[in-house]
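A short worksheet on the structure shown next.
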Amino acid sequence: MFSVWGFYLCAEVVAFTNPMPRIVSLDLCSDWLLAHHAPDSQSIVFSPMVRRYPLPVGAVQRMSHDGSLEQVLALKPDVVLVGEFNAFMLRKRLASLGVRVVITPLPQTLVDLESLDHVVQTVLEKSNAPNGISVSHTKLKQPHGRLLLIGPNGEGMGRKTFEDNLITRAGWVNYVESIGRVKLDLEAIAVNPPDALVLSVPRHAALANLFVQHPVLKHAIPPERWIQTDYWRWQCPGPWMHELIQQLQP
């Protein structure tokens, strides 16, 4: 853990020794994107969220700030990276003080995901580097059957959601025919069960766990038809979605 004085000293040293842009993240998904793309030598400071949620496997640990305006300014960032729906007040104040703030839009499709990747590459001044993800150009497979994806609150992830893109790209038909997130009906699932099921959250997640532990669901969908994935890959959109699509294969 860095002391306050050590934190400010690090910022001063980095400012004089690293010619690459100094970047500060304000949210978890920005942390992950920078952790994935930035070289080890680049000055990156993560958001406070990184203390609560582990970085993707293999990512380099870096120091984090406490989310205060004072500490972010003390780091003298060249760029502040933040997601579309995060840190509204802080990013507005930083922008008013002349700090360059880059806002990354929340992807709605796999094409949007590639655009997000390009934004981060540009911030890192790696515009000539390959995107690192091309899932939208992956050849669509013949449907394996109908897949039910259960989200954080025990809801079904329906059509026109980002998750629906992943389901169809992996070669499934989305079991949920409604648009958006929907409340699932156990009786309807028992009468007309999907061909496979996957959770986008750990099994200990409260509401989702209550739903999937119900005997009706276990009887309707045998254990061998429950697809296992790395749960962390569902938390934030990013290049790791390519591996997630592979994991969704039957």
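The values are calculated or read from the model by the stated rules, or taken from the named source; none is laboratory data. In this text the structure is predicted, and so the values were computed from the model without any measurement. Note: ideal-geometry Cβ built from the backbone for every residue, glycine included; neighbour counts use all protein chains shown.
Exactly one residue out of A196, A220, A190, A208 is among the small types (G, A, S) and at pLDDT below 90: that is A208. With the condition being surrounded by 20 or more Cβ atoms within 10 Å (Cβ to Cβ), I'd like the strands (runs of 3 or more DSSP E) fully within the stretch 149-250 carrying at least 3 qualifying residues. Per the criteria, 196-199. In the set R181, R159, only one residue is touching a residue at least 24 places away in the same chain (Cβ under 8 Å) and either touching a helix residue (DSSP H, G or I) at 6+ places or on another chain (Cβ under 9 Å) or over 30 Å from H37 (Cα atoms) (or both); that residue is R181. Looking only at the stretch 89-98, decide whether some residue is surrounded by 12 or more Cβ atoms within 10 Å (Cβ to Cβ) and touching a Pro at 6+ places or on another chain (Cβ under 8 Å). No: zero hits. Consider the stretch 139-157 and keep the residues that are in contact with a Leu (Cβ under 6 Å, 6 or more places away or on another chain) and small (G, A, S). The one that is modelled with the highest pLDDT is G156. Of all residue pairs spaced 6 or more apart or on separate chains, those with beta-carbon atoms under 8 Å, a first member in the stretch 187-202 that is within 9 Å of L149 (Cβ to Cβ) and a second member that is basic (K, R) and outside any strand (DSSP E or B) are L197/R225. Is it the case that some residue within the stretch 122-138 is modelled with pLDDT of 95 or more and not in a loop (DSSP other than H, G, I, E, B)? So far as the stretch 122-138 goes, no, none of its residues is modelled with pLDDT of 95 or more and not in a loop (DSSP other than H, G, I, E, B).
Report whether or not Q213 is among the polar types (S, T, N, Q), within 30 Å of Q121 (Cβ to Cβ) and not assigned by TED's automatic domain parsing to the domain that holds S115. Criteria not met by Q213. Test L116 against the criterion of being at pLDDT 95 or above and either part of a helix (DSSP H, G or I) or touching a Leu at 6+ places or on another chain (Cβ under 9 Å) (or both), and give yes or no. The answer is no for L116.
Select from the stretch 78-99 the residues that are part of a loop (DSSP other than H, G, I, E, B) and within 23 Å of the chain's Cα centre (by Cα) and list them in ascending order. The answer is E84, F85, N86, A87. Of all residues in the stretch 45-54, none are polar (S, T, N, Q) and more than 17 Å from V120 (Cα to Cα). Just name the residue that is farthest from L113 (Cα to Cα) out of those in the stretch 224-234 that are at pLDDT 90 or above and of a type outside the set (A, V, I, L, M). Ranking the qualifying residues of the stretch 224-234, first place goes to E224.
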